[in-house]
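Read through the structure below, which is laid out as structure tokens, and then see the notes.
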Amino acid sequence: MTLRTNDPQLLAIAEKVDSGERLTFDDGLYLDEHADLNSLGQLAHRVRTRKHGNVAYYNTNIHLNPTNVCVYRCTFCAFRSDLKSEKSYLFSDDMIRERVLEAKAAGATEIHVVGGLHHLKKFDWYVDVVRVIHDTWPEIHIKAWTAVEISWFAHITKKPYRWVLEQMMDAGLGSLPGGGAEIFDEEVRSKICEHKADSGSWIEIHRTAHELGLRSNATMLYGHIEEARHRIDHLCRLRDLQDETGGFQTFIPLAFHPENTGMAKIPKPTGHRDLRTIAVSRLMLDNFDHIKAYWIMLGEATAQIALSFGADDLDGTVVHELIYHDAGAKTPEGLTVSELHRLIREAGCEPVERDTLYRRVLRDGANWQVGPPVLATV
Ligand code: V47
Ligand code: SF4
């Protein structure tokens, strides 16, 4: 199908996409900065359809942010708290158990755990968070700790990443979420999250996780002080690691929410930027199976349209989300399965519930089991 454009550069890129040829850094830059949005979306939708037909995935999950106390001060973060602030909190084992039982009652297949790096908590406390979840309900998949947290654990224990990950796996860790990647470019990173794990460490931790057989996700925080070249560089670095390990499952572009952050004066990304970023990601990350339109950050309307701009996954029912709501997100904290189905069906797609590892979830009343992997077709 031809694109409705006379732009020779875009047509040349479209030919590459159609023949399965990998796009270069310069192609990515051109798409991000100059391609008209309709053609860009059409092209990304073509790739998404080739991989997944009209299927759109979602999962049933619950979030746990065990503490907001954090030694770091990322300028984009509205969630963190000082140790002695009134805002600070810390989950007890009982509170964690309660959250897990809530997840069980809600039929969740996944618990997503990320939080701050508490000044006083030792590594054992973080291992116990995973162990308490696992002991309370062994069936739930525990997707926990960003690479920034793993790097912190290696720092406080003075042990290698591999050891830290192995301890967590022994306690019940199932996979790593994609947070903490922000923007890999060193100059931008030094301005938005100066002291936390650098991009080399982020990549090395995911490489180690993949070597240990853990799957992981990747993110990119966009819409703040970064430029197009930084976004494309970020995507190229992820694509390189995926070539090496094949361990990434999904890529999630995270739209910056400025409210209550150190960058509150920057306006939040527009719908145009959101859709453009989803589409460029789909086109550049040819070796990633999935692109997630995280509805909680994008809003339901943009996430729904993103399903025609390269995204194939909406994330989950997501109960108890704090990080973006502290930063001003106006979306509800959770959507019901029937609300997610409606969003997906209206977008012309077929909803498929998946677990964290992209296996089909088969439900029979309150019981569920996982079927075979919902394989990408390319
Ligand atoms: O690393 C923090 C981001 C991330 C803001 O793997 C912000 O499935 C926007 O890891 N505006 C953590 N973004 C969240 C995360 C995640 C989320 C959803 C799905 C998955 C997955 C992982 O949240 C942080 C940072 O990049 N973040 N503050 C903010 N104001
Ligand atoms: Fe701490 Fe994470 Fe917030 Fe940075 S983004 S300040 S590491 S909680």
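Just so you know, all these numbers are worked out from the coordinates, no wet-lab data involved. Bear in mind that the values here come from a model prediction, so they are computed numbers and not experimental data. Cβ: placed from backbone, ideal geometry, glycine included. Neighbour counts: every protein chain shown.
Computed extension gain for Thr336 through Asn287, at 0.36 nm per residue and net of the alpha carbon distance, reaches 14.5 nm. Projecting the Cα atoms of Leu322, Trp163, Gly365 onto the dipole axis of the stretch 46-373, where Lys and Arg carry +1 and Asp and Glu carry -1 at the beta carbon, places Leu322 farthest toward the positive end. Taking each residue as 0.36 nm, the span from Tyr72 to Leu11 lengthens on full extension beyond its C-alpha to C-alpha distance by 17.4 nm.
Helix 199-211 and the longest principal axis of the C-alpha atoms of the chain enclose an angle of approximately 80°. Counting neighbouring beta carbons within 10 Å and listing from fewest to most, the residues Leu298, Leu343 come out as Leu343, Leu298. How much net charge surrounds Ser81 when only the other residues with a Cβ under 10 Å from the Cβ of Ser81 are counted, with Lys and Arg +1 and Asp and Glu -1? Surrounding charge for Ser81 is 0.
Each Lys or Arg adds one and each Asp or Glu takes one away; over the other residues whose Cβ falls under 15 Å from the Cβ of Glu182, this sums to -2. What whole-number distance in Å separates the alpha-carbon centres of the stretch 1-41 and the stretch 185-236? A separation of 25 Å, based on Cα centres. Between helix 123-136 and the chain there is an angle of about 80 degrees, using the helix long axis and the longest principal axis of the Cα atoms. Farthest toward the positive end of the dipole of the chain, out of Thr245, Val17, Thr270, is the Cα of Thr270, where the dipole comes from beta carbon charges about the Cα centre.
As a calculated quantity, the FRET efficiency between Asp243 and Arg50 at R0 = 30 Å, using C-beta atoms, amounts to about 0.95. Net charge of the neighbourhood of Ala171, taken over other residues with C-beta under 11 Å away and scored Lys/Arg +1, Asp/Glu -1, is -4. Cross-linked pairs Lys84/Lys292; Lys158/Lys265; Lys158/Lys292; Lys121/Lys143: Cα-Cα separations exceed 27 Å for Lys84/Lys292; Lys158/Lys265; Lys158/Lys292. Cβ-to-Cβ counts within 10 Å put Asp315, Asp326 in ascending order as Asp326, Asp315, the fewest first. Under a model in which nothing but the beta-carbon of Lys, Arg (+1) and Asp, Glu (-1) is charged, the chain shows a dipole of about 220 debye around its Cα centre. Here the residues Leu90, Leu362, ranked from fewest to most Cβ neighbours within 10 Å of their Cβ, fall in the order Leu362, Leu90. How far apart, in nanometres, would the label points at Arg4 and Glu102 be if each is projected 7 angstrom from Cα along the Cα-to-Cβ direction? Rounded to a tenth, the inter-label distance reads 4.7 nm. Projecting the Cα atoms of Gly348, Val113, Phe123 onto the charge dipole of the stretch 46-373, computed from C-beta unit charges around the Cα centre, puts Gly348 farthest toward the positive end.
Relative to the longest principal axis of the Cα atoms of the chain, the long axis of helix 37-52 lies at roughly 70 degrees.
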